[in-house]
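Student: One structure, pasted below without further comment.
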């Protein structure tokens, strides 16, 4: 099984979970996964469970450091500052309302 907070193009085989949100760079739980962790997937129940104790996740979250994107300019900077998470459409947040979307704007 492959799990990603990104997109995938081309052909794939096996089980793939894409668009996990919030993404790792935003501090989503996928940022806390370590090599050797067990993950349970139940497609019918629509559940994806990281089999790590709450205490261990809290320890990992305390150590986690967000990436520094403050110096990015141009399109990459615009993307990092304004594109919403996958579960809210991956759209530019300043376009909300322009296209009839009724998803609240994320705070940055």
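No value in this document is a laboratory result; all are computed from the given coordinates. This one's a predicted model, so the numbers in the text were calculated from it and none came from an experiment. All Cβ positions, glycine included, derive from the backbone under ideal geometry; neighbour counts span all protein chains shown.
Student: Eigenvalues of the Cα gyration tensor times 5, then square-rooted: what semi-axes does that give for the range 26-72, in whole angstrom, largest first?
Tutor: Output for the range 26-72: semi-axes of 25, 15, 8 Å.
Student: So what's the back-of-envelope 222 nm ellipticity for the chain, counting only DSSP H runs of four-plus at -39500 (n - 2.57) apiece and dividing by all residues, rounded to 500?
Tutor: -5000 deg cm²/dmol
Student: While we're here: Using the number of other C-beta atoms within 10 angstrom as an exposure proxy, rank 91, 44 with the fewest first.
Tutor: Taking fewest neighbouring Cβ atoms as first place, the list is 44, 91.
Student: Sticking with this structure for a sec: Counting other beta carbons within 10 Å of each residue's own, what order do 49, 30 fall into, fewest first?
Tutor: Ascending number of Cβ neighbours within 10 Å: 49, 30.
Student: May I pose another question? If you find the alpha carbon centre of the range 1-46 and of the range 75-97, how far apart are they in angstrom?
Tutor: So the two Cα centres are separated by 20 Å.
Student: When the chain is modelled as a GNM with alpha-carbon springs shorter than 10 Å, which of 42, 93, 54 fluctuates the most?
Tutor: 42
Student: Oh, and also: Only counting other Cβ atoms within 10 Å, I'd like 4, 70 sorted with the fewest neighbours first.
Tutor: So the residues, fewest neighbours to most, are 70, 4.
Student: So I have (i) 25, 19, 11; (ii) 27, 19, 14; (iii) 19, 16, 14, and one of them is semi-axes √(5λ) of the Cα gyration tensor in Å calculated from this model. Which one is it?
Tutor: Identified label for the calculated read-out: (ii).
Student: To the nearest 10 degrees, how steeply does helix 54-63 sit against the main Cα axis of the chain, on a 0 to 90 scale?
Tutor: 50 degrees
Student: Taking 8 Å as the Cα distance limit and 6 or more residues as the minimum spacing, I'd like the relative contact order of the chain as a percentage.
Tutor: 18 percent
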